[in-house]
Amino acid sequence: MQSGSVPAPPPFLELAANPLRWQLLSALSRSDRPVRELTALSGERQSLVSYHLGRLRDAQLVAMRRSAADGRDTYYTANLAKCAELLSAAGAALHPGLGPHGRGDVAGRPLFVRPCSVLFLCTGNSARSQMAEAIFTRRAAPAGLASSAGSHPKPLRPEAVGVMAARGLDISGKRSKHLAEFAGTDFDYVITLCDRVREICPGFPGRPTTIHWSLADPAAEDDPAAFERAAGELEIRIAFLVDLIEAQQDNPE
């Protein structure tokens, strides 16, 4: 084969191949984190971590949002949908058989080999965590078991009921619950959807895996479309969460 006849590797491969950038992406793929935590995890200087986060942001592989709990903090989020798109494209560029043929396309295939319980937490348990509970329950059934609660429960928002109804999910009969109701319950995963709840989240028995998703509170915006955006982001994140749980059950560490 003559030199120059092979196309250059996709830019994503070069970008992700850097060890530090790969470490940052790996950490953010499981939980949103501020720079100080990423610096501690990597053991590198903050300036170097910030530089590589900038490279990942330029490629739209990560995004950032100011913390609602402490305005001085910024949470970084992995754009897993973009990563999946570029990984799939890179595979297809190497060989057509490495294109997007996910295992989730197999109809009727059980997702989990054993039951998995997840607790979603936010402040009011009035929108984000209720929607997350419903979306996860449908996607991970029958072995995926979800609950939700809040640190300061508020009545269920009608906008959340509406966006779930549009997706064929009825949450109108759900009640808001305080996280103290689950203090003695074993969960496999505890997922905080609110920066404020992450700061005060209590420990749970059984040492569950903890994950944080820094989602904007749709109830804080004077815009019904905010609930639709929150539901859309939850659908994407939960789809990747289900893939992660399935992989960890198939290949336990």
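The values are calculated or read from the model by the stated rules, or taken from the named source; none is laboratory data. The structure displayed is predicted, hence computed values, not measured ones. Counting neighbours? That spans all protein chains shown, and the Cβs are built from the backbone with ideal geometry, glycine included. With ligands, DNA and RNA removed, areas are computed over all heavy atoms of the protein, side chains included. Shrake-Rupley method; radii C 1.70, N 1.55, O 1.52, S 1.80 Å.
General remarks:
- Qualifying residue in the stretch 7-25 (condition: hydrophobic (A, V, I, L, M, F, W, C) and within 17 Å of the chain's Cα centre (by Cα)): yes
- Top-ranked residue in the stretch 132-143 [being aliphatic (A, V, I, L, M) and outside any loop (DSSP other than H, G, I, E, B); ranked as surrounded by the most Cβ atoms within 10 Å (Cβ to Cβ)]: A132
- Subset tally (residues that are open to solvent by 20 Å² or more (accessible area, probe 1.4 Å) and more than 17 Å from the chain's Cα centre (by Cα)) for the stretch 222-237: 4
- If only residues of the stretch 156-187 that are crowded, with 19+ Cβ neighbours inside 10 Å and in contact with a Pro (Cβ under 6 Å, 6 or more places away or on another chain) are counted, the one that is farthest from I211 (Cα to Cα) is E159.
- Helices (runs of 4 or more DSSP H) contained entirely in the stretch 144-253, each with at least 2 residues that are of a type in the set (A, V, I, L, M) and at pLDDT below 95: 225-250
- Test for S129: is it open to solvent by less than 20 Å² (accessible area, probe 1.4 Å), in a helix (DSSP H, G or I) and closer than 17 Å to R196 by Cβ: yes
- Scanning the stretch 205-230 for residues that are touching a strand residue (DSSP E or B) at 6+ places or on another chain (Cβ under 6 Å) and of a type in the set (A, V, I, L, M, F, W, C) gives a single hit, I211.
- Counted as qualifying within the stretch 6-125 are the strands (runs of 3 or more DSSP E) with 2 or more residues that are modelled with pLDDT of 90 or more and either open to solvent by 50 Å² or more (accessible area, probe 1.4 Å) or over 30 Å from F182 (Cα atoms) (or both), namely 62-66.
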